[in-house]
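A short worksheet on the structure shown next.
No lab work stands behind these numbers, since they all come straight from the coordinates. Since we're looking at a predicted model, the values are computed, not measured. For neighbour counting, all protein chains shown are included, and Cβ atoms are generated from backbone atoms with ideal geometry for every residue, glycine included.
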Amino acid sequence: MTDIVTHRNRIAVVTGAGRGIGAAMALEFARRGAKVVAVDLKDPSVTVQTIGPNAIGVAADVSDPLGWAAIDMAAKEAFGDVDIVVNNAAYYPNHAIDDLDFETWRRTMSVNLDAQFLSAKQFVPGMRRKKWGRFVGISSNSIGLTVPGMSHYMASKMGIMGFMRGLANDVADDGITCNAVLPGLTHTVATEAQGEEQRRATWQTQAIKRFAEPEDIVGPVMFLTTDDAAFMTGQALVVDGGQYRVG
Ligand SMILES: NC(=O)c1ccc[n+]([C@@H]2O[C@H](COP(=O)([O-])OP(=O)(O)OC[C@H]3O[C@@H](n4cnc5c(N)ncnc54)[C@H](O)[C@@H]3O)[C@@H](O)[C@H]2O)c1
């Protein structure tokens, strides 16, 4: 058996890499040969220690342009120019429209959507020079479901799909692809508050009737960030056990 080295020498930024789906993706990028820049609000030291010397941690707020400059600088110092950006960090408070204030709306847009734009501004020039790059925005299958109290979140997650579609057109000539991944309900801290009954009600609406683990979301992201997916861009890939079907 040979090791899986689909990402050998690629430099991958993963935001929200301190836990959950982001941590699982960071570990898998490293297992497949990539150098990992793990980003979170606090230095994601557990993720970095688990990976070892092929990872660095950066404490940054992805809604802050200066945060992206710091991520770029740290990546260059440790490894070189970034090849892959997975925007996974998210802000997702639950507020029905009656309680949703403008500050919460703005923060949701800023963390979930501005970060996609800021990362593109930061890394497209370097990717153009290399004639290779990958952007993956983590959206959510909730955009197609009847989840109450999440209008701001759904708007931001639809925005990710729109931005990836548009960005794909602007960078296609330089070997850069841009896609969105839409996870379904996944077993992380984010969903811990839900009781067993509520989770089970969701599984019953999936073709595959079980709770997704973070690792279930990782494979499609790995695929999108290899040469295997070079002709796939501007797409939205749903990874939810067959709950919500696009098209
Ligand atoms: N868990 C689910 O059921 C589910 C379903 C659909 C989509 N998603 C999406 O998947 C992604 C990961 O979800 P998760 O459940 O692993 O989330 P999580 O809350 O467990 O982890 C998110 C990480 O992002 C970090 N983060 C938050 N704001 C940040 C900021 N401004 N700057 C930097 N880091 C920040 C957090 O500190 C945390 O470590 C999110 O985009 C989420 O919307 C999750």
Quiz item: Can you list the aspartates and glutamates whose alpha carbon sits under 20 Å from that of Lys35, skipping same-chain ones fewer than 8 residues off?
Solution: Asp3, Asp43, Asp72, Glu77, Asp81, Asp83, Glu215, Asp227, Asp228
Quiz item: Angle between the Cα long axis of helix 214-224 and the longest principal axis of the chain, 0 to 90 degrees, nearest 10?
Solution: 50 degrees
Exercise. Can you tell me the 0 to 90 degree angle between the C-alpha axis of helix 65-78 and the longest principal axis of the chain, rounded to 10?
Key: 40 degrees
Quiz item: Can you list the equivalent-ellipsoid semi-axes of the chain, largest first and in whole Å, using the square root of 5 times each Cα gyration tensor eigenvalue?
Solution: 27, 20, 18
Quiz prompt | Compactness relative to 2.2 N^0.38 Å, alpha carbon Rg of the range 207-247 | solution = 1.29
Self-check item: Cβ-based exposure ranking for Glu77, Glu213, in which fewest neighbours within 10 Å come first
Solution: Glu77, Glu213
Quiz item: How high is the relative contact order of the range 119-247, in percent, counting Cα pairs under 8 Å that sit 6 or more residues apart?
Solution: 32 percent
Quiz item: Under 12 Å Cα-Cα from Lys209, which aspartates and glutamates qualify once same-chain neighbours fewer than 8 residues away are excluded?
Solution: Asp240
Exercise. Starting with the fewest neighbours, write out Ser63, Ser139 ranked by other beta-carbon atoms found within 10 Å of each beta-carbon.
Key: Ser63, Ser139
Quiz prompt | For the chain: relative contact order, % (alpha-carbon pairs under 8 angstrom, 6 or more apart) | solution = 18 percent
Quiz prompt | Folded to 0 to 90 degrees: helix 20-31 orientation relative to the chain principal axis, Cα | solution = 30 degrees
Exercise. Take the alpha-carbon centre of the range 134-177, take the same for the range 186-242, and report the distance between them in whole Å.
Key: 15 Å
Exercise. Return the ratio Rg/(2.2 N^0.38 Å) for the range 1-123, where Rg is computed over Cα atoms only.
Key: 1.11
Quiz prompt | Relative exposure of Val82, Val13, Val147, judged by other C-beta atoms within 10 Å (fewest first) | solution = Val147, Val82, Val13
Quiz item: Which whole-number percent is the relative contact order of the range 105-179 (Cα, under 8 Å, 6+ apart)?
Solution: 43 percent
Exercise. For the range 113-247, count all C-alpha to C-alpha pairs, find those more than 18 Å apart, and express that count as a whole percent of the total.
Key: 57 percent
